[in-house]
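Read through the structure below, which is laid out as structure tokens, and then see the notes.
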Amino acid sequence: MQYGPAVRRRKLGAELRAQRARAGLTSGQAAARVGWHQSKVSRIETGSSGVKPADVRLLLDAYEVVDPQLRELLLVLAGSEDGGGRQNWWHAYRGVLPPAYRDFISLEAQACAMRTLETLVVPGLLQTPEYARAVTRAAVGPPDDAHLDTLVEVRLARQDVLRGDPPLRMSAVLDEAVLRREVGGPAVMEEQLRRLVTAARLPHVRLQILPFAAGAHIGVTGPFVIFSFPSTSDLDVVVLDHLTSSLYLERKEELQAYAEAFSTLQSNALSPEDSLAHLTALAERA
């Protein structure tokens with residue numbers, strides 16, 4: 001397990017190596033095309049050294065990679081401030097957000113799909129403003145009002161990925177405890193339940209409830225997120241959130257284990273239709 005930046009360097013290197021191979025070039029030939037020493041290409045491809053976005057552009061041009069989504073994603077992995085020309089809104093909060101959170105947001109913004117298990121709270125992308133405020137206050141302690149407002153603002157801004165063109169495809173399994181835990185008081189929970197009902201009806205959101213009746217399940221070890229990206233599955237990543245940091249899993253066997261775990265959770269959960277009915281009933285009783 002590694003922290004985000006190291007994982008992303010290796011994923012970037014692996015994808016650049018794959019693109020070089022598709023172009024039919026050796027590392028020496030690639031280096032000659034861009035005027036480098038072969039060892040620099042090798043260090044980039046193994047993830048042993050960082051790479052500037054400008055250098056990624058040189059390599060992608062040398063490999064004749066024209067797919068705009070793939071180019072943009074690789075530039076973001078390289079730490080591009082503009083994602084290949086598009087301003088990334090979270091950079092305005094650089095002084096407020098820790099690097100691990102900014103890294104998570106950038107992955108979320110570039111992903112085409114996400115699978116998430118939540119065992120304690122509503123996923124951030126589906127939270128109402130007041131629910132987000134209550135969760136944030138509990139998670140980071142008693143911050144001053146301005147800082148709390150900023151963190152909630154960021155949480156809500158992240159939700160734009162569900163309104164994009166195309167929108168992020170989201171599959172979420174929520175343990176029933178998420179719905180039963182009263183966060184922020186009855187009025188806040190009532191509004192939050194109604195928001196979940198609305199979200200469950202979106203064509204790009206698949207929401208399932210894992211009822212208490214399911215008993216112990218494979219997700220009892222904690223929540224996780226699997227991000228998937230356009231153009232290549234080799235960049236998929238699992239994110240495990242901890243109190244002060246996030247861990248990123250990248251190996252194929254790790255990705256497969258979590259993908260299989262998520263499929264098992266979906267099988268044990270209520271169907272999307274039954275989950276919607278369950279949520280609707282809870283909202284009406286709230």
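With the requirement that a residue be crowded, with 16+ Cβ neighbours inside 10 Å and outside any helix (DSSP H, G or I), what does the range 179-202 give you?
Matches in the range 179-202: Val183, Gly184.
Is it the case that Ser275 is among the hydroxyl-bearing types (Ser, Thr, Tyr) and touching a residue at least 60 places away in the same chain (Cβ under 8 Å)? Lay out the reasoning, then the answer.
On the way: among the hydroxyl-bearing types (Ser, Thr, Tyr): yes; touching a residue at least 60 places away in the same chain (Cβ under 8 Å): yes.
Yes.
Pairs only if they're at least six apart or on different chains, beta carbon under 8 angstrom, first in the range 201-223 and of a type in the set (A, V, I, L, M), second part of a helix (DSSP H, G or I) and at pLDDT below 85; list them, first residue then second.
Taking only residues 6 or more apart or on different chains, the pairs are Leu210/Gly219.
Against the condition among the acidic types (Asp, Glu), at pLDDT 90 or above and under 28 Å from the mean Cα position of the chain (by Cα), how does Asp55 come out, does it pass? It would help to see each step written out before you state the result.
On the way: among the acidic types (Asp, Glu): yes; at pLDDT 90 or above: yes; under 28 Å from the mean Cα position of the chain (by Cα): yes.
Yes: the conditions hold for Asp55.
Scan the helices (runs of 4 or more DSSP H) fully inside the range 1-74 and keep the ones with 3 or more residues being more than 30 Å from Leu240 (Cβ to Cβ) and open to solvent by 70 Å² or more (accessible area, probe 1.4 Å).
Values: elements: 4-22, 27-34, 38-46, 53-62.
By residue number, 27-34, 53-62.
So, of the residues in the range 229-286 that are basic (Lys, Arg) and in a helix (DSSP H, G or I), which turns out to be modelled with the lowest pLDDT?
Taking the range 229-286 first, the residues basic (Lys, Arg) are 251-252, 285.
Subsequent filtering for residues that are in a helix (DSSP H, G or I) retains 252, 285.
Values: Lys252: 82, Arg285: 86.
By that ranking, first place goes to Lys252.
The values are calculated or read from the model by the stated rules, or taken from the named source; none is laboratory data. Values in this document were obtained by computation on a predicted structure and should not be read as measured data. FYI the Cβ positions are ideal-geometry reconstructions off the backbone, even for glycines, and counts take in every protein chain you see. When the accessible area is computed, the model is the full protein with side chains, heavy atoms only, and any ligands, DNA or RNA have been set aside. Shrake-Rupley method; radii C 1.70, N 1.55, O 1.52, S 1.80 Å.
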